[in-house]
Amino acid sequence: MAEPAPGLSPLVDLINSLPDPDGTWGPPVTTETTLNGVPYAPFSKSDKLGRMADWTDSKDGRDGRGRQQYNRNYRDQQVYGAGSASLFAAPMAEDEASFSVVSNVRDTGKARFGRGAVFTRGRGQRGGARQDARAGGRQQLQRQGRAGQQYGSGYDGRGGARQGGGARARRFGWKDYDKPARSRDASINIKPDWKLLEEIDFNRLSKLNLDADDGEDIDSYGFLYYYDRSFDKQPVKSAERKLAVVDRAVYNVTTSSDPIIQELAEKDEATIFATDSILSMLMCAPRSVYPWDIVILRQGNKVFLDKRDNAALDMVTVNENAADAPLEASEGSKESINQPAALAEEATYINHNFANQVVIESETQKVDMAHENPFYSASHETEPPASKAYKYRRFDLSTSEEDPTYLIVRTELDAVQKNAISGEDQFVTVHALNEFDNKAQGSGGALDWRTKLVTQRGAVVATEMKNNSCKLARWTVQSILAKADVMKLGFVSRVSPKVNDKHVILGVVGWKPRDFASQMNLQLSNGWGIVRTIADMCLQRDEGKYVLVKDPNKSILRLYEVPAGGLDEDDEVAEGEQEAEADAEAEAEE
């Protein structure tokens, strides 16, 4: 054999050292498709190689300048292995979704469109500013301030609701990281010996459904004055009606203390008993944000939906459903009169006096019910009774003929008025919305009622539907339960934003309750489903006392079983605190 040429010996040795199991030169054949756990990308020998580094081509078909590329030669071809790019894509971190980049680079004068757009105006156009490179940033801020004033105090230039007015407009999501965390306290002290039976999420409650009839009247008590139609007219600014203090005897007796309900329970007229205030809170539970609680008594085969004295659901909330609700003192609120508790007391005070002021008190012109007011006693009261009618109505909540289930609720009516066409009497419920300060924190982007209530009444009502969804839904449910013909809503505002004890009536608007419910997307069948579900939970258990609690910070209802005497101690403590406060006030007056 001839010797290899000089210089080729290392190459020959290398070739001879390569594995050649099949008798052909080359690497060994293998079926392995991964290299150290990393998969190979599919390839074809017919694939053509392009540039070594092509910076103008991208996987979304756009070049480096963001322009769309189009190549008709390859529009019908499928690139082999193009779908394998996802195999090598790095997994997205869990916290990247909440990551955002904040840039402090000043925007240029170029116009851009979309969310957060800046619109530049040319020379000579209306409202246009002369674009100067040296004053571009300053003019941009001025234009944003003018745009906020141009579109009013309730909406920004893009048509969306905002919080403040003028140049103080707050963009959605801006400085949300700096918002204090809401941590509300429960409406009732949950003790360790209470047994948790059920925990129901609001999403489950929203899916419940039960069709019920329109109800039937069992009996009626009290009397009604006629509504003063002069309040429906828009008052002149120079002669605004002030909200007067009208002291009248009004009662909010709970279910188990109502003598009429006790008689009906003894006659086995129904299975479930409640008042319209308690029932409306339960039926509108998915809309609620603030904490509340309902006491449920199971006696025999009957269920009583009850409440505690001075319960949270007796107070009228303000802007409960607003995106940026009023802050508590612990959450950074500096104005004490605009805190939720103070606003609730103010709203409750307004509703009490407003309902008494808008009726014409005439003993000769009033509508008497079948019986007198069951709670009023002339020998014990120093004030005359208010215009109030109590109608006890029964609803059929049966799901089958074999197991009939009825509910009796005590409903309330506030006034009566003559139908403008037929002249017949129409029953009326009266409530009042209140404005505290449309520029304060917690106003929910409300419009200025004094200037917008006449010209933009629809926008004012729509904003209130958004900010007070739970409160308005409860009032609507109560009107439908009472079979009221008209629901009157008054608009009451402070004389000055800094004073919470002087108010003026800006106007009154009336609606048919069912029409208002359809505007709010309020389904009574969902509310009846919630009531029947909660009642069945208690009927399936032993006799005793239960408490349904709305979680103060979550959209959850919790049902607790309370041992004997579990709530009596709280009542005694509350009575003791009230007596101590009364004694302290008496000593202070002396």
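Looking across the stretch 389-404, just one residue is over 21 Å from Gln478 (Cα atoms) and in contact (Cβ under 8 Å) with a residue 60 or more places away in the chain, and that is Thr399. Looking only at residues in the stretch 480-503 that are closer than 22 Å to Gln234 by Cα and basic (Lys, Arg), the one that is surrounded by the most Cβ atoms within 10 Å (Cβ to Cβ) is Lys488. For the stretch 306-332, a residue qualifies if it is buried (at least 19 other Cβ atoms within 10 Å of the Cβ), more than 22 Å from the chain's Cα centre (by Cα) and in contact (Cβ under 8 Å) with a residue 60 or more places away in the chain, and exactly one does: Arg308. From the list Ala415, Ala440, the lone residue that is in contact (Cβ under 8 Å) with a residue 60 or more places away in the chain and either crowded, with 22+ Cβ neighbours inside 10 Å or of a type in the set (Ser, Thr, Tyr) (or both) is Ala415.
Please specify each residue of the stretch 203-262 satisfying the condition of being of a type in the set (A, V, I, L, M), part of a strand (DSSP E or B), at pLDDT 90 or above and under 29 Å from Val504 (Cα atoms). I'd like the intermediate steps shown before the answer.
Taking the stretch 203-262 as the starting set, the residues that turn out to be of a type in the set (A, V, I, L, M) are 205, 208, 210, 212, 218, 224, 236, 239, 243-246, 249-250, 253, 260-261.
Still in the running and part of a strand (DSSP E or B): 218, 224, 249.
Right, trim to at pLDDT 90 or above and you get 218, 224.
Scanning the stretch 203-262 gives a single hit, Leu224.
I need a count of the residues in the stretch 508-533 that are small (Gly, Ala, Ser) and on the phi > 0 side of the Ramachandran plot.
Narrowing the stretch 508-533 to residues small (Gly, Ala, Ser): 510, 517-518, 525, 527, 529.
Restricting the remaining residues to those that are on the phi > 0 side of the Ramachandran plot gives none.
Residues that pass the stated criteria total 0.
Checked against the criterion of being farther than 25 Å from Asp211 by Cα and either part of a helix (DSSP H, G or I) or of a type outside the set (Val, Ile, Thr) (or both), the candidates Ala265, Ala274, Ala355 yield just one match: Ala355. Look at Lys439 and say whether it is charged (D, E, K, R), assigned to a loop (DSSP other than H, G, I, E, B) and modelled with pLDDT under 90. For Lys439, the condition - charged (D, E, K, R), assigned to a loop (DSSP other than H, G, I, E, B) and modelled with pLDDT under 90 - is met.
Residue-by-condition table, conditions (1) over 36 Å from the mean Cα position of the chain (by Cα); (2) more than 24 Å from Asp258 (Cα to Cα):
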| position | (1), (2) |
| --- | --- |
| Glu346 | no, yes |
| Asn356 | no, no |
| Val359 | no, yes |
| Pro374 | yes, no |
| Ala378 | yes, no |
| Pro385 | no, no |
| Lys391 | no, no |
| Arg394 | no, no |
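In the stretch 189-217, how many residues are within 30 Å of Phe354 (Cα to Cα) and surrounded by 16 or more Cβ atoms within 10 Å (Cβ to Cβ)? Number of matching residues: 1. Screening Arg450 against (1) outside any strand (DSSP E or B); (2) within 19 Å of Asp232 (Cα to Cα); (3) out of contact with any helix residue (DSSP H, G or I) (no Cβ under 9 Å at 6 or more places or on another chain) leaves a single unmet condition, (3). Flag: Ser555 matches the condition of being in contact with a helix residue (DSSP H, G or I) (Cβ under 7 Å, 6 or more places away or on another chain), surrounded by fewer than 19 Cβ atoms within 10 Å (Cβ to Cβ) and at pLDDT 90 or above. Would you call Lys466 outside any helix (DSSP H, G or I) and over 21 Å from Val504 (Cβ atoms)? So Lys466 fails the test. Looking at Val477, Val460, just one residue is in contact with a Cys (Cβ under 7 Å, 6 or more places away or on another chain) and buried (at least 22 other Cβ atoms within 10 Å of the Cβ), and that residue is Val477.
Residues that are touching a residue at least 40 places away in the same chain (Cβ under 8 Å), in a loop (DSSP other than H, G, I, E, B) and under 26 Å from Thr463 (Cβ atoms): does the stretch 334-348 have at least one? Among the residues of the stretch 334-348, at least one is touching a residue at least 40 places away in the same chain (Cβ under 8 Å), in a loop (DSSP other than H, G, I, E, B) and under 26 Å from Thr463 (Cβ atoms), which makes the answer yes.
Out of Phe223, Phe202, I need the residue that is touching a residue at least 40 places away in the same chain (Cβ under 8 Å) and within 23 Å of the chain's Cα centre (by Cα). Which one? So that I can check it myself, show each step before the final result.
Values: Phe223 fails: within 23 Å of the chain's Cα centre (by Cα).
When all the criteria are applied, what remains is Phe202.
With respect to Asp268, determine if the residue is surrounded by 18 or more Cβ atoms within 10 Å (Cβ to Cβ), under 27 Å from Pro404 (Cβ atoms) and of a type in the set (Asp, Glu). No; evaluated as a whole, the condition is false for this residue. When residues in the stretch 358-373 are screened for being in a loop (DSSP other than H, G, I, E, B), of a type outside the set (A, V, I, L, M, F, W, C) and within 29 Å of Asn434 (Cα to Cα), 2 of them pass. Exactly one residue among Leu313, Leu305 is part of a helix (DSSP H, G or I) and in contact with a Phe, Trp or Tyr (Cβ under 8 Å, 6 or more places away or on another chain), and that residue is Leu313. Is it true that Leu282 is modelled with pLDDT under 90, on the phi < 0 side of the Ramachandran plot, in contact with a helix residue (DSSP H, G or I) (Cβ under 7 Å, 6 or more places away or on another chain) and assigned to a helix (DSSP H, G or I)? No; evaluated as a whole, the condition is false for this residue.
The residue pairs whose first member lies in the stretch 253-268 and is of a type in the set (Lys, Arg), whose second member is surrounded by 12 or more Cβ atoms within 10 Å (Cβ to Cβ), and whose beta carbons are closer than 6 Å, counting only pairs six or more residues apart or on different chains, do not exist in this structure.
Residue-wise test of (1) of a type in the set (Val, Ile, Thr); (2) part of a helix (DSSP H, G or I).
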position: Lys488; (1), (2): no, no
position: Lys498; (1), (2): no, no
position: Val504; (1), (2): yes, no
position: Ala517; (1), (2): no, yes
position: Asp542; (1), (2): no, no
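For the stretch 405-423: of the residues being modelled with pLDDT of 90 or more and part of a loop (DSSP other than H, G, I, E, B), which is farthest from Ile261 (Cα to Cα)? Here the residue is Asp414.
The values are calculated or read from the model by the stated rules, or taken from the named source; none is laboratory data. Please read all numbers here as calculations on a predicted model, not as lab measurements. Ideal geometry is used to build each Cβ from the backbone, glycine not excepted, and the neighbour counts take in all protein chains shown.
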